[in-house]
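These notes concern the structure reproduced below.
Every number here is computed from the coordinates shown, using simple stated rules; none is lab data. This one's a predicted model, so the numbers in the text were calculated from it and none came from an experiment. So basically every Cβ, Gly included, is an ideal-geometry build from the backbone, and we count neighbours across all protein chains shown.
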Amino acid sequence: MNDIEFEVLRNFLKARSGLALTPDKRYLVESRLGPVCTRFKLGTLSRLIAELKNGRAIELEKTVVEAMTTNETFFFRDKVPFDIFQDVLLPRYLKERASTKRLRIWCAAASTGQEPYSLAMLLNDAAAKLAGWSVELIATDISTEVLEKAKAGIYNQFEVQRGLPIRLMMKHFTNTGDQWRISREIRSMVDFRQLNLIQDFSRLGQFDIIYCRNVLIYFDLPTKTDVFRRLAKALAPDGSLVLGASETVLGITDAFTLDPAYRGLYVKADPKAAGAQVPLARPALAGVR
Ligand SMILES: C[S@@+](CC[C@H](N)C(=O)[O-])C[C@H]1O[C@@H](n2cnc3c(N)ncnc32)[C@H](O)[C@@H]1O
């Protein structure tokens, strides 16, 4: 792959998925797209890029985009965002939405499902308080491959050992050989859909809580700014946005402001947009057990 071909690939990935491929990521291209060359019998990366350039290889284009996404995830990843969900967000919206009894949650880069299923298990723990409520949990990702795994809800020993409290494993998973399957009850709580964040997502409607973690890090500044602008529209005036541990809005957007009490938790910045300016309860985090 020469410099011109690398540039073709870079432009293709940026336009299709928002992925900002920097020159130091050449090694990643070679390791991720080598197997795609083999699968499509293309021999070399140069031939693969030539195919992309002619714009007629739909299946190849989709496979290249999916191969270049990083799908790393695990149950209750980083813990704090889930403690916040249990101890701050659920109590907040149980109170704030008591009249409508309606709660809408969006997991915007769900990968293989561990993040939305972690939220679903916490919702299940709160089932008594949520009796009579309509709770929607929508989980989206650009990659249909990871979504297939997410929908199946089947994980290996290593995956269930990463972050999942033993209590929740015993409660919601059944073991078949070296596979663990999450219960139908938890699976049915999550509505998985394919969605590209760099495209219009206004059709999803408005959410009370959005988890958009560890995906914006792969985008360049203008793309991040644009996604934040549209996330702000997709969030209720008093809604909450949760970002990944290494992500921030600082220097990128003024649509959100950090809730100083909780790492990774953001609310809408505009006081007018924030409407009734819900006073934020500040409980200490007891944590998921
Ligand atoms: C590193 S994983 C993060 C998963 C989960 N949110 C977490 O924090 O554990 C990033 C996910 O973002 C998805 N992704 C990448 N670009 C995307 C895009 N343009 N639209 C939607 N999802 C995208 C990838 O397919 C991948 O599954």
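Here are some notes:
- Pick from segment 152-164, criterion among the aliphatic types (A, V, I, L, M) and within 16 Å of the ligand (Cβ to nearest atom), ranking: surrounded by the fewest Cβ atoms within 10 Å (Cβ to Cβ): ALA152
- Close pairs (8 angstrom Cβ cut-off, 6 or more residues apart or separate chains): of a type in the set (Gly, Ala, Ser) in segment 155-180, outside any loop (DSSP other than H, G, I, E, B) anywhere: GLY163/GLN114; GLY163/SER118
- Going through (1) more than 11 Å from the ligand (Cβ to nearest atom); (2) out of contact with any helix residue (DSSP H, G or I) (no Cβ under 7 Å at 6 or more places or on another chain) one by one, THR140 falls short only on (1).
- Residue count for segment 211-240, restricted to those that are away from the ligand (no atom under 15 Å from the Cβ) and outside any helix (DSSP H, G or I): 6
- Scope segment 242-259; condition assigned to a strand (DSSP E or B), more than 9 Å from PHE228 (Cβ to Cβ) and without any contact (Cβ under 8 Å) to a residue 60 or more places away in the chain; matching residues: LEU243, THR257, LEU258
- Cβ pairs under 7 Å, 6+ apart, first in segment 90-111 and farther than 15 Å from GLN206 by Cβ and free of Cβ contacts under 8 Å to residues at least 60 places away in the same chain, second away from the ligand (no atom under 16 Å from the Cβ) and not hydrophobic (A, V, I, L, M, F, W, C): LEU94/LYS129; LYS101/GLY132; LYS101/SER134
- With respect to being surrounded by fewer than 16 Cβ atoms within 10 Å (Cβ to Cβ) and either more than 10 Å from the ligand (Cβ to nearest atom) or in contact (Cβ under 8 Å) with a residue 24 or more places away in the chain (or both), ALA127 fits the description.
- Contacts under 8 angstrom Cβ, first residue in segment 195-223 being over 23 Å from LEU103 (Cα atoms), partner part of a strand (DSSP E or B) and near the ligand (Cβ under 8 Å from one of its atoms), 6 or more apart: ILE198/PHE219; TYR218/LEU19; PHE219/LEU19
- So LYS149, is it charged (D, E, K, R), away from the ligand (no atom under 12 Å from the Cβ) and farther than 21 Å from PHE201 by Cβ: no
- Considering segment 165-210, the qualifying strands (runs of 3 or more DSSP E), each wholly inside and each with 1 or more residues that are hydroxyl-bearing (Ser, Thr, Tyr) and either within 18 Å of the chain's Cα centre (by Cα) or surrounded by fewer than 19 Cβ atoms within 10 Å (Cβ to Cβ) (or both), run over 173-176.
- Wholly within segment 18-103, helices (runs of 4 or more DSSP H) carrying at least 3 residues that are away from the ligand (no atom under 15 Å from the Cβ) and loosely packed, with under 15 Cβ neighbours inside 10 Å: 26-39, 45-54
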